[in-house]
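A.B. asks: Here you go, one structure.
The values are calculated or read from the model by the stated rules, or taken from the named source; none is laboratory data. No experiment lies behind these values; they were computed from the predicted model shown. We place every Cβ from the backbone using ideal geometry, glycine too, and count neighbours over all the protein chains shown.
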Amino acid sequence: MAHDQPNREHEVLDLLIGEWIEQVRLPDAPAGRMTCEWILDHRYMLQRSDSPQPEFPDSMAVVADDENTNSFVQHYFDSRGVVRIYQMTLDEHSWTLQRHEPDFEDVPLRVEVRW
């Protein structure tokens, strides 16, 4: 199916567009940097994260509409070679990433950011 216009449902992603400071809540962890930008005619969002801490991976993710759930899907890749898919929701109050498959620790992952 060809799309003539970007999906207006994903306009909420505009909340993330720009450069952000990422702070892991661990003792003495330095702040990292995250950038989000539109790519491919405003159809996908590219997210990049860089950390000055060598034990924290740098990462890249592509976010797209998930037509099956009326939310988003995040395709995640990092400098360790890890590839994951997260279900993602975003509104004016919070950003939630969920992974229902077991990850490297054998536990589902849920990350929530509030502003």
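A.B. asks: Filter region 77-102 down to the residues that are touching an Asp or Glu at 6+ places or on another chain (Cβ under 9 Å) and of a type in the set (Lys, Arg) and list them by number.
C.D. replies: Across region 77-102, the qualifying residue is only ARG84.
A.B. asks: Now a separate question. I'd like to check something: does region 33-40 contain any residue that is among the polar types (S, T, N, Q) and at pLDDT 90 or above?
C.D. replies: Scanning region 33-40 turns up at least one residue that is among the polar types (S, T, N, Q) and at pLDDT 90 or above.
A.B. asks: A follow-up question, please. Looking only at region 25-34, which residues are surrounded by 15 or more Cβ atoms within 10 Å (Cβ to Cβ) and either part of a strand (DSSP E or B) or among the charged types (D, E, K, R) (or both)?
C.D. replies: GLY32, MET34
A.B. asks: Still on this structure: Count, please, the residues in region 20-31 that happen to be more than 15 Å from ASP58 (Cβ to Cβ) and not hydrophobic (A, V, I, L, M, F, W, C).
C.D. replies: 4
A.B. asks: Collect the residues in region 47-97 that are surrounded by 12 or more Cβ atoms within 10 Å (Cβ to Cβ) and of a type in the set (Asp, Glu), keeping them in residue-number order.
C.D. replies: ASP50, ASP58, ASP65, ASP66, ASP78
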